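To keep things clear, I will list the structure first and then write my remarks on it.
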Amino acid sequence: TKVVLKNGLTLIVYERKDLPLVSISTYVKTGYLDEPDRLRGIAHVVEHMFFKGTARRGVGAMAKETKGLGGSLNAGTFYDYTHYYTVLPSEHFRQGLDIQADALQNPVFAEEELKREIQVILQEARRKADTPEAFALEKLYETAYEVSPVRRWRIGDESTLLPLGRKELVEF
């Protein structure tokens, strides 16, 4: 079933009664290609920060609550979208939907948590740079695309991530 709401939100429901699980996926039409060069990596930072607390749920509470329901949550940033997803037993659908909706509608983007998370992302960037396949792919894109944002190291680096503050995240 597919329904497009007046605000443009598209809901797609695919039901399988043979599985006792539910997957709640939200696709946001913002990714690496939407970043200006000076904010390279911000889409990935926003992805991380959505699960770092809301007015109703503090840092770590969303993951803990989801795990307590027997589920997991995660996200990924791509060129033209970011995908947030939760998988849990189907009887906890409403709670899972509430957690994900709270994360996406009411993120706090606390400065102190942002600074910690940027360090996590910089660690992730270092691991990526140490992975031959990932490094080679990034270098290939850098060489093949002279103008397109695809040429950029997608995850960002110290020069673009360390200056980020809450204001930039909210504006992005």
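Brief remarks on what is shown
- Mean-square fluctuations from a GNM of the chain, with a 10 angstrom spring cutoff on Cα atoms, peak among Leu161, Leu73, Leu11 at Leu11.
- Accessible area of the stretch 13-172 divided out per residue, in Å², using a probe of 1.4 angstrom: 58
- For Val22, the residues 5 or more places off, or on other chains, whose built amide H falls under 5 Å of its own are Leu88, Ser90.
- Virtual spin-label span in nm between Gln105 and Arg16, 7 Å along Cα→Cβ: 2.9
- Measuring between alpha carbons in the structure, the pairs from Lys29/Lys64; Lys52/Lys167; Lys64/Lys128; Lys29/Lys67 lying more than 23 angstrom apart are Lys29/Lys64; Lys64/Lys128; Lys29/Lys67.
- Using a probe radius of 1.4 angstrom, the carbon and sulfur fraction of the accessible surface of the chain is 56%.
- Using θ = phi - 60° and Karplus 6.51 cos²θ - 1.76 cosθ + 1.60, couplings along the stretch 162-172 (whole Hz; Gly, Pro as x): 4, x, 5, x, 4, 4, 5, 5, 4, 5, 5
- Amide H partners (placed H, <5 Å) of Phe78, local residues excluded: Tyr32, His83
- Result for the chain in a Gaussian network model with C-alpha springs under 10 Å: among Thr131, Thr86, Thr26, the largest mean-square fluctuation is at Thr131.
- Among the GluC sites (Glu not before Pro) in the stretch 57-149, those located in a DSSP loop and surrounded by at most 10 other Cβ atoms within 10 Å of their own Cβ are Glu146.
- Estimated at 0.36 nm per residue, the fully extended path between Leu162 and Asp37 surpasses their Cα-Cα distance by 43.6 nm.
- FRET efficiency for Glu146 and Ser90, using Cβ-Cβ distance with R0 set to 35 Å, rounded to 0.05: 0.10
- Each residue of the chain gets 150 Å³ once the volume of the Cα convex hull is shared out per residue.
- Sparsely packed trypsin sites (Lys or Arg not before Pro) within the stretch 5-114, loop by DSSP, other Cβ within 10 Å at most 16: Lys6, Arg16, Lys17, Lys29, Arg56
- Residue-by-residue Karplus 3J(HN,Hα) for the stretch 146-157, coefficients 6.51, -1.76, 1.60, Hz, glycine and proline x: 7, 10, 4, x, 4, 5, 7, 5, 5, 7, x, 8
- Scalar couplings 3J(HN,Hα) for the stretch 75-91, obtained by applying the Karplus form with A = 6.51, B = -1.76, C = 1.60 to θ = phi - 60°, are 7, x, 9, 10, 4, 10, 7, 10, 10, 10, 8, 10, 10, 7, x, 4, 5 Hz; x denotes Gly and Pro.
- In the elastic network of the chain, a GNM with C-alpha springs shorter than 10 Å, the most mobile of Val108, Val45, Val22 is Val22.
The values are calculated or read from the model by the stated rules, or taken from the named source; none is laboratory data. All values derive from a computational prediction rather than experimental measurement. Please note: Cβ atoms are built from the backbone with ideal geometry, for glycine as well, and neighbour counts cover all protein chains shown. Heavy atoms of the whole protein, side chains included, go into the accessibility calculation; ligands, DNA and RNA do not. Shrake-Rupley method; radii C 1.70, N 1.55, O 1.52, S 1.80 Å.
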